[in-house]
Structures are given as C-alpha cells and as structure tokens.
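Student: Please find one structure pasted underneath; my questions will follow.
The values are calculated or read from the model by the stated rules, or taken from the named source; none is laboratory data. Source: prediction; values computed, not measured. Please note: Cβ atoms are built from the backbone with ideal geometry, for glycine as well, and neighbour counts cover all protein chains shown.
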Amino acid sequence: QKYFMTRCVPPTYHKFAALNGAIWSGGTFLYVPKGVKVSMPVQVYYLVDHPSMGQFEHTIIIAEDDASVEYIEGCSAPMYVKGGLHAGVVEVFVGRNARVRATTIQNWSKNMYNLGTKRAIVEEGGKMEWVEASLGSRVTMLYPASVLAGRGARAEHFYVSMAGDGQVLEAGAKVAHAAPDTSAYVLSRSISKGSGRAIYRGEVKVNPGAMGSRNSVKCDSLLISDDSSTATFPTEEVYESDADVSHEATAGRIAEEQLFYLMSRGFSEEEARGLIVRGFMEPVTKKIPLEYAVEFNKIVETEVKNEVA
C-alpha cells in the first residue's frame, strides 16, 4: 500500500495509467532489503495467448538503501486475426546508493498495441538502468521515466529496435533532474526496414536548484530500405544555469564503402550487412544478457537478409 500507485505512477499520471489502475491483474512484486545484493537476475515472462486480449500487469520493484538487483522481462504473443493491447505498469523505487537494472525484450505479434508505462524514483547516490529491446507489435509507445530525486542520483537508458513493414515503434526516455549533481545518459539505436517507422521521443527537465546536473542523449537510426523512415522529437526544459544538457541525432544507410571493405575480405553481401547491423546495435545489445542478445541478433539479421532478398 505504501508504494502501489502512490507517488511513482499514480492513476492520474495519464489515461493508460488510469486504465491499468482500474482493471490491473497480476504482475510482479520485487522487494530487496537494505544492503542485499542479488547476484542472479530475476526473470519474468508475459504471454498474450488469446485474440483481442488485453494485458494489464502491474510490477513494483523496491531496492532499499545499498541494495542491488537486475530484473528481466520477456514479452511475446502468437499472431491472431484480431490484435491485442498491452498496457502494463512498472514502478521502481531506488534507495540511497542502490542500483536497479530493468531489462525488457519484447517480440509481440505484429498486431499488438504496446502502450506500457515505466517510471523510477531514484534517491541520493542511486542508479537506475533501463534496457529496452523491441522487435514486435504494430504500434509501440514506451517512454521509461527516471526522476532523479536525490543528490548524485544517476540514470541510464538504452534502447534498440527494428521496425518492419507496417510497424510504428515509438520510444524514448523521460528524465527529471530534481536534485544537484544528478546525471543521465540516453542511447537509442533503431533500424527501419520496409515501410517501418522508428521514432525517438524524449523529454529532459532540469528543475530549479538542480545545480551541476548533466544529461546526454544520443539517437542513431539506420534505414535499410527506401520506404522506411525515422524521426526524433526531443523536448528539453532547463531551469538551472549550472547544467550541461546535450542531444545528438543521426540517420543514415549502410555505406557502400563498408560493404565493399567487408566483401573484399571474403564476406558475402548478406554476411557483410549482418555484421554492419550487429555492430550498429552492439552498444545496446551488450547490455542484454548473452542468451537473449544472441537470439535478438539472429532475428534482426534474418529480417535484414529477407529485406535484401
């Protein structure tokens, strides 16, 4: 009761938080006491196995002072004629000098709507890491948020995705610097193929009094085909003069020079493209546990080969 939908993700946060609060069912409650460091990741799997089904799980992660834990969730659904909706909520509370890493690997069917809500409150000296790997769904709109509430609190957001035919994968990060000497780093790597569209939408806010805050955002997009597209929509509000906020965005295609170099070393065109794509994703996929990263890379490389063919 102390944590559930109170100050992190209240029902008034937005309409999908209200929907989850009204009809939520199931989820995960993860509590790590003060000073406890969990050496093995906690793994959860969510499956939608009926047509026109809605999934509204609610997850609460609490790491008390000086605690650490890694949480991994996988999400998938078979393909049905009628689509479904996923509108889960994740609330994370990071205590003083605590560390939490929350990783999500989703491969929903291509007729799912993925509209989740994730938010963390990070106290003094704490660190929150969000890692998102997205392949499936028809539409994804996901913006994990970090509220840096204590001095020296830190957040890192890593996101990688591939948008294929008919998919719109929109994701990003929200960071609020509410205390001095806080820092955040956001890295997004997206790939678009066919008629897929990958979008980064982020929000950074430095509150008055958050002196010495630092925030860096880097968004890189790779377009595989002529019909694919990408866009970046950053919002930055800085109300403190002693702050360092930056945003970088790039978009491009696989360079012919890169292909030529690899093919001159004996790789086929398909193999060369696969290596380039894998290298493009590597800064994010290296944050994913190895067994998940291997499968993720295989799926992406297969999709790229099919597009080339």
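Student: Can we say SER146 is assigned by TED's automatic domain parsing to the domain that holds PRO51, among the polar types (S, T, N, Q) and under 23 Å from TYR13 (Cα atoms)?
Tutor: In short, yes.
Student: Follow-up question, since we're still on this one. Suppose the filter is in a loop (DSSP other than H, G, I, E, B) and under 19 Å from MET128 (Cα atoms); does ASP66 pass it? Can you show your working first?
Tutor: Numbers: in a loop (DSSP other than H, G, I, E, B): yes; under 19 Å from MET128 (Cα atoms): yes.
So ASP66 passes the test.
Student: Can ASN107 be described as surrounded by fewer than 24 Cβ atoms within 10 Å (Cβ to Cβ), within 16 Å of the chain's Cα centre (by Cα) and among the polar types (S, T, N, Q)? Full working, then the answer.
Tutor: On the way: surrounded by fewer than 24 Cβ atoms within 10 Å (Cβ to Cβ): yes; within 16 Å of the chain's Cα centre (by Cα): yes; among the polar types (S, T, N, Q): yes.
Yes.
Student: Does region 273-292 contain any residue that is farther than 12 Å from ILE105 by Cβ, among the small types (Gly, Ala, Ser) and at pLDDT below 90? So that I can check it myself, show each step before the final result.
Tutor: Within region 273-292, the first condition is being farther than 12 Å from ILE105 by Cβ, and the residues that meet it are 273-283, 286, 290.
If we keep only those that are among the small types (Gly, Ala, Ser) too, we end up with 274, 279.
Filter again for at pLDDT below 90, leaving 274.
Yes: region 273-292 contains one or more residues that are farther than 12 Å from ILE105 by Cβ, among the small types (Gly, Ala, Ser) and at pLDDT below 90.
Table: residues versus (1) buried (at least 22 other Cβ atoms within 10 Å of the Cβ); (2) polar (S, T, N, Q); (3) within 14 Å of ALA120 (Cα to Cα); (4) in contact (Cβ under 8 Å) with a residue 12 or more places away in the chain.
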{"site": "ALA63", "(1), (2), (3), (4)": "yes, no, yes, yes"}
{"site": "ASP66", "(1), (2), (3), (4)": "no, no, no, yes"}
{"site": "GLU73", "(1), (2), (3), (4)": "no, no, no, yes"}
{"site": "PRO78", "(1), (2), (3), (4)": "no, no, no, yes"}
{"site": "LEU85", "(1), (2), (3), (4)": "no, no, no, yes"}
{"site": "GLY88", "(1), (2), (3), (4)": "yes, no, no, yes"}
{"site": "VAL94", "(1), (2), (3), (4)": "yes, no, yes, yes"}
{"site": "ARG99", "(1), (2), (3), (4)": "no, no, yes, yes"}
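Student: Could you please find all residues in region 230-251 being touching a Leu at 6+ places or on another chain (Cβ under 8 Å) and either at pLDDT below 95 or among the hydrophobic types (A, V, I, L, M, F, W, C) (or both)? Talk me through it step by step, then tell me what you get.
Tutor: The initial filter retains those residues of region 230-251 that are touching a Leu at 6+ places or on another chain (Cβ under 8 Å), namely 230, 251.
Residue satisfying the conditions is ALA251 alone.
Student: Output the number of residues of region 197-228 satisfying the condition of being of a type in the set (Gly, Ala, Ser), at pLDDT 95 or above and on the phi < 0 side of the Ramachandran plot. Lay out the reasoning, then the answer.
Tutor: Restricting attention to region 197-228, the residues satisfying the condition of being of a type in the set (Gly, Ala, Ser) are 198, 202, 209-210, 212-213, 216, 221, 225, 228.
If we keep only those that are at pLDDT 95 or above as well, we get 198, 202, 209-210, 212-213, 216, 221.
Next, only the ones that are on the phi < 0 side of the Ramachandran plot stay: 198, 202, 210, 213, 216, 221.
Counting residues in region 197-228 that are of a type in the set (Gly, Ala, Ser), at pLDDT 95 or above and on the phi < 0 side of the Ramachandran plot gives 6.
Student: Follow-up question, since we're still on this one. So how many residues does region 130-155 have that are at pLDDT 95 or above and either surrounded by fewer than 21 Cβ atoms within 10 Å (Cβ to Cβ) or not in a strand (DSSP E or B) (or both)?
Tutor: 10
Student: Another question, if that's okay. Only residues that are over 17 Å from TYR3 (Cβ atoms) and either of a type in the set (Ser, Thr, Tyr) or out of contact with any strand residue (DSSP E or B) (no Cβ under 6 Å at 6 or more places or on another chain) (or both): list them for region 48-69, please.
Tutor: Residues of region 48-69 over 17 Å from TYR3 (Cβ atoms): 48-56, 66, 68.
Selection gives ASP49, HIS50, PRO51, SER52, PHE56, ASP66, SER68.
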